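Novice: Shown below is the structure under consideration.
The values are calculated or read from the model by the stated rules, or taken from the named source; none is laboratory data. In this text, all values refer to a predicted model and were calculated from it rather than measured experimentally. Virtual Cβ from ideal backbone geometry, glycine too; neighbours counted across all protein chains shown. Side chains are part of the model used for accessible areas, which takes the heavy atoms of the whole protein and leaves out ligands, DNA and RNA. Shrake-Rupley method; radii C 1.70, N 1.55, O 1.52, S 1.80 Å.
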Amino acid sequence: MDIRQSFLDYFQTRDHGLVTSSPLVPDDPTLMFTNAGMVQFKNIFTGEAPIPNPPRSTSSQTCLRAGGKHNDLDNVGYTARHHTLFEMLGNFSFGDYFKKEAIAMAWEYITDEKYLDLPVDNLWVTVHDSDDEAFELWREHISADRILRFGDADNFWQMGDVGPCGPCSEIFYDQGAEHFNTPEDKMGGEGDRFLEIWNLVFMQYYRDETGTLNPLPKPSVDTGMGLERVVAIKEGKLNNYHSSLFMPFLDKIGKLVGTDYDFDAPNSASYRVIADHLRSCSFLLAQGTNFDKEGRGYVLRRIMRRAIRHGYLLGLREPFMYKLVDTLVTLMGGQYDYLTSKAEAIKTSMKLEEERFFDTIEAGIKLFNEELKSTTDVFDGEVAFKLYDTYGFPLDLTQDMLREKDISLDSDAFDARMSAQRAQSKANWKGTGDAVATGDFKELKEQFGENEFVGYESTTIITKVLALLDEEFKEVSSIDGKGWVLLEQTPFYAESGGQVGDSGKLVGRGDLSLTINVTETKKFLDMNMSEVEGKLSVGDEVEAEVAVNRFEIEKHHSATHLLHAALRDILGEHISQAGSLNDESRLRFDFSHPKPMNSEEIDQVEAWVNDKISRNIDRKTEVMSVDDAKNSGAMALFGEKYGDEVRVVSFSTDSIELCGGTHVDRASEIGLFMISKESGVSAGVRRIEAVCGNAALEAVKGLRTELVDIKTELKNQNPLAGISKLKEQIKTLKQEVQIAQSSSKKELTASQINGTAVIVDEVESGDIKELIDEAKNKHPNIAIMLFQKKGDKVMIACGSKETAVKAGDWIKNIAPILGGGGGGRPDFAQAGGKDASKISEAKEKALVYLEENL
């Protein structure tokens, strides 16, 4: 039985609209990840978005709980029911049906032989202790002695301190006293005997700022049932990980380890951790989250490295997670087809991250174990920070390792070193608010609906002002200054899909003779609204005119489509878009790829795009169903919201994409295409910056001017010949300088700190980088820092070879003493200082740093 499909079919036959699973990264600045089925409906429940038609929905939502308020990471692998990634089946009513229908449908689906067919004798129900209505409704289905009342802590749900809330009713399944018999294995206890499988939330109140519960005029229903729990129950398993959703992973891990999974074995939790984390990491990667040093990307890294460490405990010493991806595709690719199309990209990113961590995990665990020898109750927070900063051990991984030893962490010491980074990371995802949440957009949407965008066909139109918002997004009848306008019909494209929003002007008609500037255009609740500056009133008739730069924006957008196709053709089909920007002067395209492109690949991509431009391919746009679009080979971007019908933009068969943006009519209109830069954004994500059209012409003019200036400086010689001559002259001068310096070259003497050669000294002459390289060649392991006066200023350089000291960190600690700053790699760094009088103090502090860190 396919429980997921059965659930969705059941509610669809009862007039619920099917809503596809929304991305794990929600369109909500207050959440790190989608952690419940109701997240994508939050604005409807709060009244910030209008009620859909039909006013009832059903979904199977992928959820992730591994960060922020909802964090199950510590429990995963050690309990039978916790997961980082899980699927929540749900049905929702938006002011439509309420308790009676919700309870009746839930009971029918759970007990009817056509559906779950769970034995009634194993079912229990809880209600809020004040919810007599729900109690009486449940009595129509189950005996009163199997309905228990609990208080707010267990059976009252609220979205926040202020907002919609209400009592909830939970359905439990008794897994049997013969399996679970601890004191906590009771209804309301923490044991696993009574397993919650479905929660019905009845949103019937609004809690105001004073804490008062005010009845809602149209109560709603939000329900959630865990797929993994129900599958385990139906298959007669007491542990979610022993169901058909997870056993294929455990079997595959056993093959990689060389020892089959055994629940009773001491290391069985490691198998389960890896199986769980493989799912969450794969889904995040497939949906565009990449490994990073902060925000959601850092949570992904934490999950991944936790899994790698458990693989290490099982004896694995090389990348293994990526080898499990094919098993995931087999199990879940049918429901989530993007897993199949992104499989190779997932493997590539995973393997790269695994290789990074395997490079440092051995040394990190060695440091951990050394510190453990002198630890009784509390682990040094400074060492925990070093594990984090030097060896890439996330804090919760160190805490996980300590938990196994029943040792606590001096978190204050760690926090003292991490506070700045943590604050930055938190700010990265928490956000600062959302205009939609505070503005009058919902009222406009209910009154006017979506306005008509006519910008595909025309860049000018005579239209009418339907509504105006002031700078605080509040509805007003007129503005004299800055504000936002909702036009009945608009030619202005709203920022979306990487294309910037249009600017332009509104010209008054009739008595209104003013010209109003349009500075940008955005979408709010699917309404196309433009920011304006001028004098305007509701009801005014105006001529809307898009600025001429739209054509240049279109050139860059169309070039981006061709660039995407070129990358997939030349680098491989693992390429997927990770972000883009198209404006009048440039394009920026982020894409998944494990390594930098070489010059030959960049030339090939540039030539591929220019070849298509030269062929003058017509741009074709068709409107079709999503299924027809995918069958045509069109590429869709994960996380983009597509309606029942979509626009497919194609340039012959070379480029076919789902896209709502505006484009040139023929490829030749793009003009010259030039790649200006290729760089890295984060682990596994590269970026190409390019120009075309007028911007490319200006770039060529700039290059020509630079070439003329170079020729002038070289006395009109051939530039390459002139540069070669200058290089030879420089080489000769360097040799002469080196000969002069060698006679007065200072002999550098190394001392020892904990078995490591150490040099901290001041030199008067010579190339200090070369002196550092020479010292590295003489010693198997060394930390060296040299100072050299340059007038009133100081040059500083340091190197580290086979030591725990990072040169970049070392120099960041010392350079400020001299009034300077700098940085670099772990093996070499350099900086400048402004105060040469403090060289002696800097040398002393440099030695103290080594004594503390070696």
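Novice: So which of Lys386/Lys843; Lys806/Lys834; Lys801/Lys834 end up more than 26 Å apart, counting from Cα to Cα?
Specialist: Lys801/Lys834
Novice: Specify which residue in the list Met332, Pro596, Gly633 is farthest towards the positive end of the charge dipole of the chain, using unit charges on the beta carbon of Lys, Arg (+1) and Asp, Glu (-1), about the Cα centre.
Specialist: Pro596
Novice: Using the Cα gyration tensor of the stretch 669-811, with a ≥ b ≥ c the square roots of its eigenvalues, what is the shape: rounded (a/c below 1.5), prolate (a/b larger than b/c) or oblate (neither)?
Specialist: Note, shape of the stretch 669-811 comes out oblate.
Novice: If you add up the charges near Asn777, with Lys and Arg at +1 and Asp and Glu at -1, over every other residue whose beta carbon is less than 14 angstrom from its beta carbon, what do you get?
Specialist: So the surrounding residues net to -1.
Novice: Put a dot 7 Å past each Cα toward the Cβ at Thr360 and Gln738; how far apart are the dots in nm?
Specialist: 3.5 nm
Novice: So, one more: If contacts are Cα pairs under 8 angstrom and at least 6 residues apart, what is the relative contact order of the stretch 42-165 in percent?
Specialist: So the answer I get is 19 percent.
Novice: Can you give the helix-only mean residue ellipticity at 222 nm for the chain, where every DSSP H stretch with n ≥ 4 adds -39500 (n - 2.57) and the sum goes over all residues, rounded to the nearest 500 deg cm²/dmol?
Specialist: -11500 deg cm²/dmol
Novice: Show me the GluC sites (Glu not before Pro) within the stretch 531-592 that DSSP assigns to loop and that have at most 14 other Cβ atoms within 10 Å of their Cβ.
Specialist: In loop regions of the stretch 531-592 (DSSP not H, G, I, E or B), the sparsely surrounded GluC sites (Glu not before Pro) are Glu573.
Novice: Something else: With a 1.4 Å probe and every protein chain kept in, tell me what percent of the accessible surface of the stretch 94-224 is carbon plus sulfur.
Specialist: After summing per-atom areas, the C and S share lands at 46 percent.
Novice: Taking every DSSP beta bridge with both residues inside the stretch 1-152, roughly what % is antiparallel (nearest 5)?
Specialist: Expressed as a percentage, antiparallel bridges in the stretch 1-152 total about 65.
Novice: What does the C-alpha gyration tensor say about the overall shape of the chain? Classify as rounded when a/c is under 1.5, otherwise prolate if a/b is larger than b/c, or oblate.
Specialist: It is oblate, given that a/c is not under 1.5 and a/b is not larger than b/c.
Novice: Could you tally the net charge around Arg687, taking each other residue with its Cβ under 11 Å from the Cβ of Arg687, Lys/Arg +1 and Asp/Glu -1?
Specialist: Cβ neighbours under 11 Å give a net charge of 0.
Novice: Work from the charge dipole of the chain (Cβ charges, +1 for Lys and Arg, -1 for Asp and Glu, about the Cα centre) and give the residue of Thr126, Ser419, His179 farthest towards its positive end.
Specialist: So the residue we want is Ser419.
Novice: Expressed in nm to one decimal, what extension gain is obtained for the pair Lys812 and Thr46 from 0.36 nm per residue of sequence separation less their Cα-Cα distance?
Specialist: 270.9 nm is the gain from fully extending Lys812 to Thr46.
Novice: Probe of 1.4 angstrom, ligands and nucleic acids ignored: what's the accessible area per residue over the chain, in square angstrom?
Specialist: Roughly 46 Å² per residue, with all protein chains present.
Novice: Tell me, what is the FRET efficiency for Glu764 and Glu713 to the nearest 0.05, using R0 = 35 angstrom and their Cβ-Cβ distance as r?
Specialist: Working from the Cβ atoms, E equals 0.55.
Novice: Round to a whole number: what % of the accessible area of the stretch 753-836 belongs to carbon and sulfur, probe 1.4 Å?
Specialist: Carbon and sulfur atoms account for 44 percent of the accessible area of the stretch 753-836.
Novice: Please give the residues of the stretch 483-512, grouped as numeric ranges, whose backbone N is less than 20 Å from a label point set 7 Å along the Cα-to-Cβ vector of Glu457.
Specialist: Taking a point 7 Å out along Cα→Cβ of Glu457, the residues of the stretch 483-512 whose backbone N falls under 20 Å are 487-494.
Novice: Rounded to the nearest percent, how much of the accessible area of the stretch 465-526 (1.4 Å probe, protein heavy atoms only) is carbon and sulfur?
Specialist: C and S atoms contribute 39 percent here.
Novice: Same structure, new question: Report the relative contact order of the stretch 268-406, percent, no decimals, based on alpha-carbon pairs under 8 angstrom and at least 6 residues apart.
Specialist: After rounding, I find 23 percent.
Novice: Between Ser374 and Ser143, 0.36 nm times their residue separation minus their Cα-Cα distance comes to what?
Specialist: Using 0.36 nm per residue and subtracting the Cα-Cα distance, I get 77.2 nm.
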